[in-house]
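Beneath this line is the structure, given in structure tokens, with notes to follow.
Any read-out appearing in this document is the output of simple, stated calculations on the displayed coordinates, not a laboratory observation. As the structure is a prediction and not an experimental result, all values here were calculated from the model. Quick reminder, even Gly has a Cβ in these numbers, built from the backbone with ideal geometry, and neighbours come from all protein chains shown.
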Amino acid sequence: SDKLYGLPVLDNEMFHSMKPGLSAFADIPEIAGHTVRQLLRVAKKTVPPVEWKRTPVLFRATAGLRLLPPEKAHALLEEVQDVFDESPFYVPVDSVSIMNGTNEGILAWVTVNFLTGRLHRNAQKTVGILDLGGGSTQITFLPKSRKTVESAPADYMVRFDMFSSTYELYTHSYLGNGIKAARLSALGALGSEGTKHTHQHTSCLPKKYAGEFSFGGFSYHVSGVSDGVTGFRACSQELLTVVKGIIKQPLELKDSSTFYAFSYYFDHAVEAGLIDESRGGAVKIRDFRKRAKEVCNRPSERTQLNPFLCMDLTYIVCLLKDGFGFKESTVLQLTKKVRNVETSWALGAAIYHFQKFRIH
């Protein structure tokens, strides 16, 4: 621990992720247990056996499980709990739960600001975070302007104490505005039971495309509009309905704040050729718009590899520009790792568990 500031020091991390997420096993929860066992196998190889019984294991589910019917989510959590209980690790009380969206945003903010050295008392300004998952999207930042605080809905402002400082953050998680949930919302199918639902057409897919994608344990049939208008403008009109009047615009985002963006923001920027996967990089919102236009208006190899790329890039543009109200000239730092550590809420959750700082 860094005695001077009471900050912990991160020695290293072992990051391992598996696809698909647990919500894909909504109807076969026992398979979810198998996935968690594989993750624990990685943990066993990383942690010396002599330390197992004092190494806590925690499981936090995010939007994929929040969107499931409660009884299906509960069955998955019980399966995970059983796997934990039979493991050699220390299983604290409440080690398996669904995390609320507010904590997800705050803990991702903690991760990025901890890794970039901004949580020391005399450190430079903190940075904001933008996180885009399959089921939800999060925005969290420390407001500079009183006006932002005063105009924000009451439950968007959260105070919490950490490392002997108190922070008052603007944070919100929009459930149903993750990239996969947004596809379904635009198609009018979010909350429907997959293939039982009628076939969905969209101007965001190549004209001749017909296929399916799965989300939350269901498969959805989708196709392009064979005789209608396709392209960026038509696709934008469809996707604006998913953000307009839903996503709030914090006042100060028009100014130049620094935001780190990760998860699907990063993955799609890589896929669209805007950044290098190993290095990440700075991307203007204008760059996302230009690339979305190219991909939508001139289908190429990229759209053959991922027919949804036009839809997903257009959604990112609508979300950032028309949703949150960022200017096109805003530069986002797109990153997957900082100092070789994954940018996600996971490290923040680990620090939170050890510090038990209060969110109130």
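Let a ≥ b ≥ c be the square roots of the eigenvalues of the Cα gyration tensor of the chain; is it rounded (a/c under 1.5), or, if not, prolate (a/b larger than b/c) or oblate?
Numbers: a/c = 1.82, a/b = 1.24, b/c = 1.47.
In terms of gyration-tensor shape, oblate.
Please say if the stretch 229-330 is rounded, prolate or oblate, where rounded means a/c under 1.5 for a ≥ b ≥ c the square roots of the C-alpha gyration tensor eigenvalues, and otherwise the choice is prolate for a/b larger than b/c and oblate otherwise?
On the way: a/c = 2.14, a/b = 1.19, b/c = 1.79.
It comes out oblate by the Cα gyration axes.
Out of Tyr264, Tyr170, Tyr156, any idea which swings most in a Gaussian network model of the chain, alpha carbons joined below 10 Å?
Top of the fluctuation ranking is Tyr156.
At what distance in nm do the modelled label points of Glu51 and Ala282 sit from each other, each positioned 7 Å from its Cα along Cα→Cβ?
Using points 7 Å along Cα→Cβ, the separation is 3.8 nm.
Restricting to DSSP H runs of at least four residues, report the calculated mean residue ellipticity at 222 nm for the chain, -39500 (n - 2.57) per run over all residues, nearest 500 deg cm²/dmol.
Taking each H run of at least 4 residues, the total per residue is -10500 deg cm²/dmol.
Under 5 Å between amide hydrogens, which residues at least 5 positions from Ala261 or on another chain qualify, with H placed 1.01 Å from N in the peptide plane?
Sorted by chain and number, the residues that satisfy this are Leu130, Gln333, Leu334, Thr335.
Test of understanding: ordering Arg291, Arg60 by Cβ neighbours within 10 Å, fewest first, what list do you get?
Working: Arg291 22, Arg60 19.
In order of increasing Cβ crowding within 10 Å: Arg60, Arg291.
Around Val42, under 14 Å between beta carbons, what's the net of Lys plus Arg minus Asp minus Glu among the other residues?
+2
Only helices at least 20 Å long along their own axis, judged from Cα atoms, and with Kyte-Doolittle mean hydropathy of 0.0 or greater: name those in the chain from DSSP H.
101-115
Fully extended, how many nm does the chain gain between Val229 and Lys144 (0.36 nm per residue separation, minus their Cα-Cα distance)?
Extra length available between Val229 and Lys144 comes to 26.3 nm.
Relative contact order for the chain using alpha-carbon pairs under 8 Å, separation at least 6, rounded to a whole percent?
It comes to 18 percent, rounded to a whole number.
Over 21 Å between Cα atoms: which of Lys290/Lys327; Lys244/Lys336; Lys290/Lys321; Lys248/Lys337 fall into that group? Please report the intermediate quantities before stating the final value.
Numbers: Lys290/Lys327 14 Å; Lys244/Lys336 28 Å; Lys290/Lys321 13 Å; Lys248/Lys337 28 Å.
Over 21 Å Cα-Cα: Lys244/Lys336; Lys248/Lys337.
Can you report the principal axis dimensions of the stretch 1-142 using only the alpha carbons, biggest first, rounded to whole angstrom?
The Cα atoms of the stretch 1-142 stretch 50, 39, 25 Å along the principal axes, largest first.
Quick one: work out Rg over Rh on the C-alpha atoms of the stretch 80-164, Rh as Kirkwood radius.
Working: Rg = 16.5 Å, Rh = 15.5 Å.
Here Rg/Rh amounts to 1.06.
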